[in-house]
1. State the antiparallel share, in %, of DSSP beta bridges confined to the chain, rounding to the nearest 5.
2. Going by C-beta contacts inside 10 Å, put Ser74, Ser181 in order with the fewest on the left.
3. From the phi angles alone, apply the Karplus equation (6.51, -1.76, 1.60; θ = phi - 60°) to the range 162-170 and give each ³J(HN,Hα) in whole Hz, x where the residue is Gly or Pro.
4. Quick one: helix 235-247 against the long Cα principal axis of the chain, what's the angle to the nearest 10°, folded into 0 to 90?
5. With angles folded into 0 to 90 degrees, how steeply does helix 114-127 sit against the dominant principal axis of the chain? Use alpha carbons for both and round to 10.
6. Based on the mean of other Cβ atoms within 10 Å per residue, sort peptides 245-254, 167-176 so the most packed one is first.
7. Is the shape of the chain rounded, prolate or oblate, going by the alpha carbon gyration tensor and its root eigenvalues a ≥ b ≥ c, with a/c under 1.5 for rounded and a/b larger than b/c for prolate?
8. Report, in listed order, any pair from Lys200/Lys322; Lys61/Lys239; Lys51/Lys200; Lys39/Lys236; Lys239/Lys322; Lys39/Lys322 with a Cα-Cα distance greater than 32 Å.
Amino acid sequence: MRTTIDARCARRVVLCLSIIIGLALASSGHAEDNNLPPKTFYRFSTVAGHKVFYREAGDPKQPTIVLLHGYPSSSHTYRELIPLLSARYHIVAPDYLGSGYSDRPDPDQFMYSFDKLTDYVEGLLANLMIGRYTLYMQDFGAPVGFRLLTRQPRRVDAIIAQNANAYLDGLTQNRQAFFRSAHDDRSPARIAALHEFVSKDAIINRQYLRDVPTDKRDIMSPDAWTHDLAFLDSDKARKVQVQLFQDYQTNIDLYPTWQATMRMHRFPALIVWGERDPAFIAAGARAYLRDLPDAELHLLDAGHFAVEERASEIARLILQFKARHRR
């Protein structure tokens with residue numbers, strides 16, 4: 001009789017242990033699932049009669065981060081960064097009008113400018129009913145982002161600047177002269193010279209690979225320039241970018257306004273800069289501290305397209321920064 005009771009007890013113990021182990025494994029499995037990035041969606045929204053493409057990932061109920069791309073890229077430049085952030089944040093990454101999958105009105109009929117690019121991004125955010133958001137800006141993303149910032153500063157809860165210039169400090173004398181000449185000199189010879197900056201060789205070797213040591217170029221995905229070049233396959237497509245080069249001086253003229261807006265509102269700021277960038281030099285990163293003395297500054301061993309080289313490191317810095325500045 002005693003043996004029978006002991007056997008029953010043993011079976012119950014084994015059953016209980018099996019249940020506990022099963023629950024633990026199931027819980028572990030769910031925890032692992034929760035760490036997996038959510039699906040990124042590829043969508044269009046109509047703004048002022050034109051389709052604007054955007055990538056969207058994460059729960060819209062979570063805080064939003066808007067990723068603004070630079071030249072000559074599109075939201076594709078954030079393909080590695082988005083899944084590293086979207087488990088915790090709602091991510092929206094648009095293609096500007098004339099770039100990527102967004103509509104490209106004929107530049108002979110539609111004069112492209114940074115004001116107009118901003119209008120369409122602002123319209124997209126309105127369509128998506130996004131109230132407050134963090135701005136991530138890179139390269140051309142700064143002119144668009146800072147226009148949004150000055151138009152509706154109370155909707156921006158923080159700024160992240162990755163090689164996104166807002167200071168003369170960040171431009172060499174040669175770079176300043178380039179933008180001034182592009183704006184002032186509309187001669188056929190000057191326009192032809194600007195078109196050279198949008199050539200295949202220029203985009204591959206004078207943009208993406210320019211800042212990367214030869215022995216480290218395997219860090220750069222050829223998908224980046226292959227994607228960009230697919231959308232710059234005609235004279236009119238390249239003319240869009242030439243018109244934006246011609247308009248860039250308007251951004252430099254607005255630097256004092258952008259700086260005053262930062263001083264007034266003291267946005268939490270994360271400045272992440274590829275230190276090997278000869279276009280927007282690191283002095284432009286340090287200059288942010290004049291107007292935002294509490295900003296976090298990180299200089300990376302990377303170039304202008306730091307997010308192409310160090311997406312994981314940038315994601316870690318963003319997650320830590322956002323955790324410290326919950327609103």
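Every number in this text was worked out from the coordinates using simple rules, so none of it is lab data. All figures in this text were calculated on a predicted structure; none of them were measured in a lab. Glycine also receives a Cβ, built like all others from the backbone with ideal geometry; neighbour counts cover every protein chain displayed.
1. Once the DSSP bridges in the chain are tallied, antiparallel ones form about 35 percent.
2. Values: Ser74 22, Ser181 15.
So the residues, fewest neighbours to most, are Ser181, Ser74.
3. 10, 6, 10, 8, 9, 9, 4, 3, x
4. 80 degrees
5. 30 degrees
6. In decreasing order of mean packing, 245-254, 167-176 become 245-254, 167-176.
7. It comes out prolate by the Cα gyration axes.
8. Lys200/Lys322; Lys61/Lys239; Lys39/Lys236; Lys239/Lys322
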